[in-house]
Amino acid sequence: MKTLGLFFLSLIIVNVGIHIHAQAPSAAGTVHGVRNDLSQRYETQRSWGELPEDVKWAAVTAVEPSPDGRFIYVIHRCIDNSCDGRSEAPILKYDYDGNLLDSFGAGLFVFPHGATVDFEGNLWVTDARSNDTIGHQVFKFSSDGEVLLTLGQQARGGSTPELLFNPNDVVIDPEDGDIFVTESHRGGMNNRIVHYSPEGRFINQWGSKGSGQGELSEPHSIAMDSQGRLFVGDRENNRIQIFSRDGAFIDEWRQFGRPSGIFITPDDKIYVADSESGPDTGAGELIGIKKGIRIGSAIDGTVTDFIEDMEPLRDDHSGAEGVGVDASGNVYGAVVRRQMLERHVLR
């Protein structure tokens with residue numbers, strides 16, 4: 001009887017082992033702690049959005065739906081990958097059907113980059129480069145395109161409180177209107193987060209070049225969850241760092257891949273665009289992680305879904321850098337290298 005009991009026990013162990021193995025991701029499915037084998041439930045559209053006459057998509061850098069569900073703003077770089085000396089408007093305003101309602105921002109930007117829409121419906125856009133006359137600034141626009149506020153000084157980059165250097169992204173606290181800006185772009189002199197009052201008065205800054213807790217290397221994006229925590233896409237360190245409003249380090253997450261863009265919905269669903277994972281170009285990229293948009297919980301960091309890029313393992317950078325989600329749950333990818341806008345609809 002003892003032998004028979006051991007036989008049945010061994011069968012149970014084997015069956016349990018088989019079940020556990022079947023539920024776990026395969027070695028090829030998880031690379032550097034990032035899952036490539038997540039559920040893919042979205043259908044991709046690449047024909048959404050009416051363009052102005054005689055304009056083609058340039059490098060698309062950001063897509064920001066307004067919180068009231070009325071408008072979607074798309075930021076692109078005029079022609080190819082720059083607005084330097086161009087007359088095209090880099091900011092396009094759409095309704096939910098993709099009809100072009102307005103365009104503005106011509107002549108203000110060299111390298112329009114990150115963006116956000118605040119709780120009052122104003123659009124904020126950063127300029128991550130400069131020439132002799134413009135750049136190194138953040139602009140606040142009304143929904144009609146009127147410039148309401150600027151941060152930084154025109155064409156003057158620096159590290160002092162009144163200056164910015166290649167600002168990457170911006171987010172606004174919906175509770176009090178405080179402003180948080182990440183900078184700099186690749187090779188920039190600053191790797192910091194700058195905190196301003198709603199009127200643009202400098203309050204605080206934190207961060208420096210490095211890979212330790214609280215240190216940054218190209219903080220490319222920033223978003224805020226319902227608790228007021230700041231999620232920073234620390235891109236060259238292949239992680240998201242989470243901070244309090246005062247700059248205290250809370251946590252770091254690597255399970256969303258190499259973060260170029262972050263978007264958090266009011267119910268704390270987080271969308272992270274990875275456009276760069278791949279062979280190391282000198283910026284610390286990790287090979288084997290598929291490019292695309294990973295979706296999960298900003299509360300506990302669980303990753304649940306994946307929108308795979310059309311070139312997920314291409315050697316050079318190819319996926320969406322910016323990501324936005326409208327009130328209907330449609331996900332928008334801003335693709336720089338392939339110069340296109342992608343719209344992903346839940347099946």
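The values are calculated or read from the model by the stated rules, or taken from the named source; none is laboratory data. Predicted model, so just to flag it, every value in this text is computed and none were measured. Because the Cβ atoms are built from the backbone with ideal geometry, glycine has one as well, and the counts that use them run over all protein chains shown.
One table, with the values for the structure above:
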quantity: Yes/no for residue 103 being hydroxyl-bearing (Ser, Thr, Tyr), surrounded by fewer than 22 Cβ atoms within 10 Å (Cβ to Cβ), more than 17 Å from the chain's Cα centre (by Cα) and part of a strand (DSSP E or B); calculated: yes
quantity: Residue satisfying condition, being over 30 Å from residue 226 (Cα atoms), modelled with pLDDT of 95 or more and of a type outside the set (Val, Ile, Thr), within set 81, 122, 166; calculated: 81
quantity: Pairs, first within 13 Å of residue 45 (Cβ to Cβ) in the stretch 319-347, second surrounded by fewer than 24 Cβ atoms within 10 Å (Cβ to Cβ) and aromatic (Phe, Trp, Tyr), C-beta under 6 Å, six or more apart; calculated: 340/57; 343/48; 344/42; 346/42
quantity: Unique match (being assigned to a loop (DSSP other than H, G, I, E, B) and more than 22 Å from residue 169 (Cα to Cα)) among 280, 267; calculated: 280
quantity: Check on residue 275, surrounded by fewer than 16 Cβ atoms within 10 Å (Cβ to Cβ) and either polar (S, T, N, Q) or in contact with a Ser or Thr (Cβ under 7 Å, 6 or more places away or on another chain) (or both); calculated: no
quantity: Top-ranked residue in the stretch 283-313 [being part of a loop (DSSP other than H, G, I, E, B) and acidic (Asp, Glu); ranked as nearest to residue 239 (Cα to Cα)]; calculated: 285
quantity: Filter result (of a type outside the set (A, V, I, L, M) and closer than 15 Å to residue 167 by Cα) within the stretch 210-231; calculated: 217, 218, 219, 220, 221
quantity: Restricting the stretch 278-300 to residues that are crowded, with 18+ Cβ neighbours inside 10 Å and touching a Pro at 6+ places or on another chain (Cβ under 7 Å), the residue that is farthest from residue 340 (Cα to Cα); calculated: 285
quantity: Qualifying residues in the stretch 196-225 (those that are polar (S, T, N, Q) and free of Cβ contacts under 8 Å to residues at least 60 places away in the same chain) - the one surrounded by the most Cβ atoms within 10 Å (Cβ to Cβ); calculated: 205
quantity: Whichever residue in the stretch 63-100 is within 25 Å of residue 132 (Cα to Cα), buried (at least 21 other Cβ atoms within 10 Å of the Cβ) and of a type in the set (A, V, I, L, M, F, W, C) and, among such residues, is nearest to the chain's Cα centre (by Cα); calculated: 75
quantity: Residues within the stretch 15-54 that are at pLDDT 95 or above, closer than 28 Å to residue 277 by Cα and of a type in the set (A, V, I, L, M, F, W, C), tallied; calculated: 4
quantity: Neighbours by Cβ (under 7 Å, 6+ apart or cross-chain): first from the stretch 28-46, closer than 15 Å to residue 302 by Cα; second surrounded by 14 or more Cβ atoms within 10 Å (Cβ to Cβ) and of a type in the set (Asp, Glu); calculated: 38/305; 39/305
quantity: In the stretch 151-195, the residues that are touching a residue at least 12 places away in the same chain (Cβ under 8 Å), among the hydroxyl-bearing types (Ser, Thr, Tyr) and not in a strand (DSSP E or B); calculated: 159, 184
quantity: Test: residue 303 is buried (at least 16 other Cβ atoms within 10 Å of the Cβ), touching a strand residue (DSSP E or B) at 6+ places or on another chain (Cβ under 9 Å) and closer than 21 Å to residue 125 by Cα; calculated: no
quantity: Subset of the stretch 41-90 (residues that are outside any loop (DSSP other than H, G, I, E, B) and of a type in the set (Val, Ile, Thr)); calculated: 44, 60, 61, 63, 72, 74, 75, 79
quantity: Conditions (1) touching a Pro at 6+ places or on another chain (Cβ under 9 Å); (2) surrounded by fewer than 21 Cβ atoms within 10 Å (Cβ to Cβ); (3) within 20 Å of residue 215 (Cβ to Cβ); number of the one not met by residue 174; calculated: (3)
